[in-house]
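> Handing you a structure now.
The values are calculated or read from the model by the stated rules, or taken from the named source; none is laboratory data. In this text the structure is predicted, and so the values were computed from the model without any measurement. When we count neighbours, we look across all protein chains shown, and the Cβ atoms used for this are built from the backbone with ideal geometry, even at glycine. Remember, those area values only see protein heavy atoms, side chains included, never the ligands or the DNA or RNA. Shrake-Rupley method; radii C 1.70, N 1.55, O 1.52, S 1.80 Å.
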Amino acid sequence: MAKLYGIGVGPGDPELLTLKAARIISEVSVIAYPAPMEGVGLARTIAETLIPDGLIEIPLRMEMSLNRD
């Protein structure tokens, strides 16, 4: 049976991830994360050092803008 975890990457500093979030990221075989139409996005960058080689990655591409309108 598969499990789905929702993990927050905190305020933007990789050193501030919870121990539980770090453990789960290192144990899963697939990871999905929000990403802009091009590039990897902030969430992936924050968790980068914890993501093991060979992990299946699914970037969830969406339009992102700093414009609040």
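> Of the residues in segment 40-69, how many are under 17 Å from Leu17 (Cα atoms), of a type outside the set (Val, Ile, Thr) and touching a strand residue (DSSP E or B) at 6+ places or on another chain (Cβ under 9 Å)?
Residues in segment 40-69 being under 17 Å from Leu17 (Cα atoms), of a type outside the set (Val, Ile, Thr) and touching a strand residue (DSSP E or B) at 6+ places or on another chain (Cβ under 9 Å): 5 in total.
> Looking at Met37, is it open to solvent by less than 100 Å² (accessible area, probe 1.4 Å), in contact with a strand residue (DSSP E or B) (Cβ under 9 Å, 6 or more places away or on another chain) and not hydroxyl-bearing (Ser, Thr, Tyr)?
Considered against the rule, which asks whether it is open to solvent by less than 100 Å² (accessible area, probe 1.4 Å), in contact with a strand residue (DSSP E or B) (Cβ under 9 Å, 6 or more places away or on another chain) and not hydroxyl-bearing (Ser, Thr, Tyr), Met37 comes out as no.
> Determine if segment 31-52 includes at least one residue that is of a type in the set (Ser, Thr, Tyr) and under 22 Å from Ala2 (Cβ atoms). Show your work before the answer.
Step one: list which residues in segment 31-52 are of a type in the set (Ser, Thr, Tyr), which gives 33, 45, 49.
Filter again for under 22 Å from Ala2 (Cβ atoms), leaving 33.
Yes: one or more hits.
> Tell me which residues, restricted to segment 45-69, are assigned to a helix (DSSP H, G or I) and either of a type in the set (S, T, N, Q) or open to solvent by 40 Å² or more (accessible area, probe 1.4 Å) (or both).
Restricting attention to segment 45-69, the residues satisfying the condition of being assigned to a helix (DSSP H, G or I) are 45-50.
Of everything in segment 45-69, those that are assigned to a helix (DSSP H, G or I) and either of a type in the set (S, T, N, Q) or open to solvent by 40 Å² or more (accessible area, probe 1.4 Å) (or both) turn out to be Thr45, Glu48, Thr49, Leu50.
> Across segment 14-34, what is the total count of residues that are closer than 20 Å to Leu60 by Cα and in a helix (DSSP H, G or I)?
Within segment 14-34, the first condition is being closer than 20 Å to Leu60 by Cα, and the residues that meet it are 21, 24-26, 28-34.
With the extra rule that they be in a helix (DSSP H, G or I), the set shrinks to 21, 24-26.
Number of matching residues: 4.
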